[in-house]
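Note sheet for the following structure.
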Amino acid sequence: MAHKAGQYYHIYNRGCNHERIFVSDDNYRYLLSQAKKFLADSLIGVTAYCLMPNHYHFLLYTESDNAIGRFIQRLFNSYTQAFNRQQSRSGTLFEGRAKSILVDNETYAIHLCRYIHLNPVAAGLVDQPAAWPYSNYLEWIGKRSGTLIDREFVREYFPQPNGYEQFVTATADEAIAIKMQKYYID
């Protein structure tokens, strides 16, 4: 898919055969450090992300055509090589290429952030999204000062951090939830 400037995209993938792609805290930290490194020279903003044991989600905004594809390729090629060396394995780590869905409505983008941040709760890994360290939820609610976040986007929709906390824990509007299905991992 060609990524166009001025758009949001939900990027996700899972481990081959649903296997783990992160087996230690160091794996998560390495991927995040590589993301920061590769984002430094790109025109991409991270709105939301969540790294799960066997898959990942990024909601990205691009200011340049096709920058997202290059970023994702660099990031996950680098990660796969490091993971394979660490685990004494070879071959593919992911189920093919990363999936990319254009998020053509900012209201949907906000609801997609909720979905992304609630992933560890839905998977039964934690009871609340703030307990999962491998997403930028803590940045959204002002409890961590990480750099993988578009703070301007967050402030535009949730001027107070507790506003986003309340939004995430509230029951999603059923009509919106139905429309959101096309943006979720299959």
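A few remarks follow.
- The residue that is most open to solvent (accessible area, probe 1.4 Å), counting only those in segment 94-123 that are more than 16 Å from T62 (Cα to Cα) and without any contact (Cβ under 8 Å) to a residue 40 or more places away in the chain, is A122.
- Subset of segment 12-45 [of a type in the set (A, V, I, L, M) and open to solvent by 10 Å² or more (accessible area, probe 1.4 Å)]: V23, L32, L39, A40, L43, I44
- Enumerated strands (runs of 3 or more DSSP E) restricted to segment 1-100, each holding at least 2 residues that are touching a Lys or Arg at 6+ places or on another chain (Cβ under 8 Å): 7-14, 55-62
- Matching residues in segment 138-150 - criterion: being open to solvent by less than 80 Å² (accessible area, probe 1.4 Å) and either out of contact with any Asp or Glu (no Cβ under 9 Å at 6 or more places or on another chain) or farther than 20 Å from N119 by Cα (or both): L138, E139, G142, R144, D150
- Answer from A122, A131, A67, A109 - the residue that is modelled with pLDDT of 95 or more, within 17 Å of the chain's Cα centre (by Cα) and among the aliphatic types (A, V, I, L, M): A131
The values are calculated or read from the model by the stated rules, or taken from the named source; none is laboratory data. Please read these numbers as outputs of a predicted model, since none were measured by experiment. Glycine gets a Cβ as well: all are built from the backbone with ideal geometry, and neighbour counts include every protein chain shown. With ligands, DNA and RNA removed, areas are computed over all heavy atoms of the protein, side chains included. Shrake-Rupley method; radii C 1.70, N 1.55, O 1.52, S 1.80 Å.
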